[in-house]
Amino acid sequence: MTDGKPLDHIRANIVLYGALFANLGIAVAKFIAAAISGSSSMLSEGVHSLVDSGNQLLLLYGQARAKRPPDNRHPFGYGRELYFWAFVVAILIFAVGAGISIYEGWTHIGRPEPLRDPTINYIVLAIAFLLEGASWTIAVREFDASRGDQSWWQAIRRSKDPAGFIVLFEDSAALAGLLIAAAGVWFSHWTGDARIDGMASIAIGLILAAVAILLAREAKELLIGEAADPALIETIWRIVEAHPEISAVNHVRTIHTAPDSIFVAVSADFEDRLPMGDAETVIEAIETQLKAASAKISSIYIRPEKREDAIIQARACGHTRSR
C-alpha cells in the first residue's frame with residue numbers, strides 16, 4: 001500500500017483555489033444584486049459567499065502553517081494546526097454565515113421592504129449557480145478520487161484532510177442556498193408578500209448552521225486525535241506479527257499528527273532468548289517495512305513488552321486491543 005503526499009496536496013489546493021475564486025466573484029455579484037433589488041435572501045447569499053471565501057483563505061493559511069518542520073517545542077510538527085483552522089472555519093460559518101442570514105431574514109419579516117424588479121436577482125443567481133456548480137464538481141471529483149471503495153459518508157468520517165470535505169459541504173450548502181434564494185424571490189413577487197424573501201433568508205441560515213455543526217464535530221475529532229485508517233492498522237499488525245522473533249503483538253496504536261503524517265506505537269512480545277542486538281535488527285527491519293507500506297507513517301515507536309504485562313496495563317488504563 002502506498003500513498004502520494006504531493007498528489008494529495010495538489011488536489012487539496014485545486015479544490016481550495018477553485019472554490020476561492022468562484023466565491024469571491026459570486027459574493028461581489030450578489031451584493032450588487034442585493035443593493036439594487038433590496039432582496040434579503042440575496043444579501044444573505046452574499047454574506048454566505050463572502051464567508052466561504054474567508055474560509056478558503058483560512059484553510060490555505062492553515063495548510064501553509066501545517067507544513068512547518070518539527071522543532072524542539074513541537075517534535076511531531078505543526079500538522080494538526082490545520083485542524084484548528086478547520087474548527088475556526090466551522091465557527092465562522094455558524095456565527096457569521098448562519099447568524100447574519102437568520103438575523104437579516106427575521107428583520108426583513110418584521111419590516112419588509114417594497115418589492116423591486118427581481119430580474120437582476122435571477123441573472124446573478126443563475127451565474128452563481130454555474131460557478132458554484134463548477135466548484136462543487138471539482139470538489140466532488142477530487143473527493144471521489146480519494147475515497148476508494150468507501151461510501152461517501154464513511155470517506156467523510158474517516159478523512160483526515162478537512163480541506164476536501166469542508167469545501168464539499170460548503171459548495172453543497174451554497175447550491176441549496178441559491179435554490180432557496182431563487183424560490184424566495186419568485187414566491188415573494190408571485191404572492192406580493194415580501195416577507196417570504198425573509199423566510200428564505202432564515203432557511204439559508206438554518207442550512208448553514210447545520211453544516212457548521214457537522215463540520216465542527218468532524219474538526220473536533222481531528223483536533224482530539226484520530227487513529228489511522230483501520231486497513232492501515234491491520235497492515236501494520238500483519239507486518240509486525242509476521243516476524244518469527246515476535247511471539248505476540250500486544251497492541252498497535254496510531255494517531256494522525258497531520259493529514260499525511262501518522263505516529264505509530266507498537267507493543268510486542270519478543271522471544272525471550274532473542275539477544276538485544278538481534279532485537280534491534282528486527283526493530284529496524286520492521287520500521288523499514290512499515291514506512292514502505294505507507295508514506296504517511298512518519299514516526300514509529302516499538303516497545304518490547306511481555307504479553308502478560310501488556311494485558312495488565314491495558315486493563316488498568318481501560319484500553320482494549322487495537323485489533
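The values are calculated or read from the model by the stated rules, or taken from the named source; none is laboratory data. Computed from a predicted model, the values in this text were never measured in an experiment. Positions of Cβ are backbone-derived with ideal geometry, glycine not excepted, and every protein chain shown enters the neighbour counts. Heads up: the accessible areas ignore ligands, DNA and RNA and are worked out on the full protein's heavy atoms, side chains in. Shrake-Rupley method; radii C 1.70, N 1.55, O 1.52, S 1.80 Å.
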Looking only at the range 289-304, and only at residues there that are touching a strand residue (DSSP E or B) at 6+ places or on another chain (Cβ under 8 Å) and assigned to a loop (DSSP other than H, G, I, E, B), the one that is surrounded by the fewest Cβ atoms within 10 Å (Cβ to Cβ): Ser294
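Residue by residue, here is whether (1) under 13 Å from Phe94 (Cα atoms); (2) acidic (Asp, Glu); (3) at pLDDT below 90 holds:
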residue	(1), (2), (3)
Ala176	no, no, no
Leu179	no, no, no
His189	no, no, yes
Ala194	no, no, yes
Leu206	yes, no, no
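Matching residues to (1) open to solvent by 40 Å² or more (accessible area, probe 1.4 Å); (2) under 22 Å from Ala183 (Cβ atoms):
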{"site": "Tyr78", "(1), (2)": "no, no"}
{"site": "Val96", "(1), (2)": "yes, no"}
{"site": "Gly105", "(1), (2)": "no, yes"}
{"site": "Ala128", "(1), (2)": "no, yes"}
{"site": "Gly133", "(1), (2)": "no, yes"}
Number of the condition not met by Phe165 [criteria: (1) of a type outside the set (A, V, I, L, M); (2) part of a helix (DSSP H, G or I); (3) in contact (Cβ under 8 Å) with a residue 60 or more places away in the chain]: (3)
Residues of the range 230-288 that turn out to be open to solvent by less than 20 Å² (accessible area, probe 1.4 Å), in a helix (DSSP H, G or I) and at pLDDT below 90, as a count: 1
Test: Glu170 is open to solvent by 50 Å² or more (accessible area, probe 1.4 Å) and either touching a residue at least 24 places away in the same chain (Cβ under 8 Å) or more than 30 Å from Ile109 (Cβ to Cβ) (or both): no
Phe84 open to solvent by 60 Å² or more (accessible area, probe 1.4 Å) and closer than 30 Å to Ser299 by Cα: yes
Residue tally, condition of a type in the set (A, V, I, L, M), under 15 Å from His48 (Cβ atoms) and open to solvent by less than 30 Å² (accessible area, probe 1.4 Å), over the range 186-217: 7
Members of the range 112-128 found to be under 20 Å from Ser188 (Cα atoms) and hydrophobic (A, V, I, L, M, F, W, C), listed by number: Leu115, Ile120, Ile123, Val124, Leu125, Ala126
Listing of helices (runs of 4 or more DSSP H) fully contained in the range 50-152 that carry 2 or more residues being farther than 23 Å from Glu218 by Cβ and of a type in the set (Gly, Ala, Ser): 99-110, 119-146
Residue selected from the range 107-125 under the condition modelled with pLDDT under 85, more than 17 Å from Gly46 (Cα to Cα) and not hydrophobic (A, V, I, L, M, F, W, C), by the criterion most open to solvent (accessible area, probe 1.4 Å): Arg111
Any chance Leu178 is surrounded by 24 or more Cβ atoms within 10 Å (Cβ to Cβ), more than 20 Å from Glu45 (Cβ to Cβ) and either of a type in the set (A, V, I, L, M, F, W, C) or in contact with a Lys or Arg (Cβ under 6 Å, 6 or more places away or on another chain) (or both): no
Pair list, Cβ < 6 Å and 6+ apart or interchain, from the range 239-250 residues that are touching a residue at least 24 places away in the same chain (Cβ under 8 Å) to residues that are among the aromatic types (Phe, Trp, Tyr) and open to solvent by 70 Å² or more (accessible area, probe 1.4 Å): none
First in the range 197-222 and under 20 Å from Arg80 (Cβ atoms), second anywhere and aliphatic (A, V, I, L, M) and open to solvent by 10 Å² or more (accessible area, probe 1.4 Å), Cβ under 8 Å, 6 or more apart: Ala216/Ile91; Glu218/Ile156
Of all residues making up the range 21-37, the number that are modelled with pLDDT under 80 and of a type in the set (A, V, I, L, M): 1
The listed residue being farther than 29 Å from Val124 by Cβ, crowded, with 21+ Cβ neighbours inside 10 Å and touching a residue at least 24 places away in the same chain (Cβ under 8 Å), out of Ala66, Ala33: Ala66
